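What follows is one structure encoded as structure tokens, with my remarks underneath.
The values are calculated or read from the model by the stated rules, or taken from the named source; none is laboratory data. Predicted model only: the values in this text are computed from it and were never measured. Cβ placement follows ideal geometry from the backbone for every residue including glycine, while neighbour counts extend to all protein chains displayed. Heads up: the accessible areas ignore ligands, DNA and RNA and are worked out on the full protein's heavy atoms, side chains in. Shrake-Rupley method; radii C 1.70, N 1.55, O 1.52, S 1.80 Å.
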Amino acid sequence: AQKVTQAQTEISVVEKEDVTLDCVYETRDTTYYLFWYKQPPSGELVFLIRRNSFDEQNEISGRYSWNFQKSTSSFNFTITASQVVDSAVYFCALLPYNDMRFGAGTRLTVKP
Amino acid sequence: DSGVTQTPKHLITATGQRVTLRCSPRSGDLSVYWYQQSLDQGLQFLIQYYNGEERAKGNILERFSAQQFPDLHSELNLSSLELGDSALYFCASSFGTVPTDTQYFGPGTRLTVL
């Protein structure tokens with residue numbers, strides 16, 4: 001079965017705190033891709049990162065970083081020094097072939 | 001602004017009716033994807049078209065159909081509408097044929113079925 005679990009439904013932090021959004025996936029395929037998308041209050045989905053199953057290198061982009069661990073089937077997303085503009089719903093997604101599967105999303109609220 | 005446009009922004013209709021949602025991809029993009037976001041089902045991939053041809057199918061109901069026209073815009077047709085079809089329908093586009101390409105999402109069409 002292809003499945004993505006985002007166990008954290010909602011997270012609330014105060015500005016400048018670090019926050020980690022968890023993503024656990026299930027797939028039997030050896031080749032797959034993982035994604036993170038952001039959905040701000042305006043509603044549009046914004047692509048954040050793509051990672052393929054053969055590349056376990058962690059990635060850092062500004063205040064964002066991603067930790068991919070095949071051994072635990074996890075692809076976690078950390079925001080360092082969070083800001084109010086980071087408030088959004090974040091989706092993790094799995095693409096084993098051509099059918100993108102999304103997690104339920106984590107709503108992040110960053111308070112000033 | 002992603003460059004992907006969707007019309008209409010909102011649509012209210014009754015059960016049993018048929019509606020058409022329209023999507024114009026970013027200039028130069030050949031692939032169009034349709035997604036449904038509902039409270040019950042979350043975000044789901046429906047279907048992908050590449051340069052006029054159906055490329056991939058997700059969890060799309062038989063009552064739903066789509067097409068991509070020669071000018072690359074796409075339409076999603078929803079028929080025999082049910083209350084459960086109320087959702088936000090997103091269109092996304094990318095340049096290439098593979099869904100691993102970066103997809104740019106439109107603002108969505110919010111469909112309410114009464």
(request) Answer yes or no: is there a residue in the range A:57-70 that is facing chain B (nearest Cβ under 10 Å) and either within 21 Å of residue B:99 (Cβ to Cβ) or of a type in the set (Asp, Glu) (or both). (result) no
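Check A:99, A:86 and return the single one that is buried (at least 16 other Cβ atoms within 10 Å of the Cβ) and under 25 Å from residue B:34 (Cα atoms). Before you say what the answer is, go through the steps one by one.
Values: A:86 fails: under 25 Å from residue B:34 (Cα atoms).
Residue meeting the stated conditions: A:99.
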(message) If a residue must be touching a residue at least 40 places away in the same chain (Cβ under 8 Å) and of a type outside the set (Ser, Thr, Tyr), how many such residues does the range A:49-77 contain?
(response) 3
(request) Just name the residue that is nearest to residue A:90 (Cα to Cα) out of those in the range A:1-56 that are open to solvent by 60 Å² or more (accessible area, probe 1.4 Å) and facing chain B (nearest Cβ under 10 Å). (result) A:46
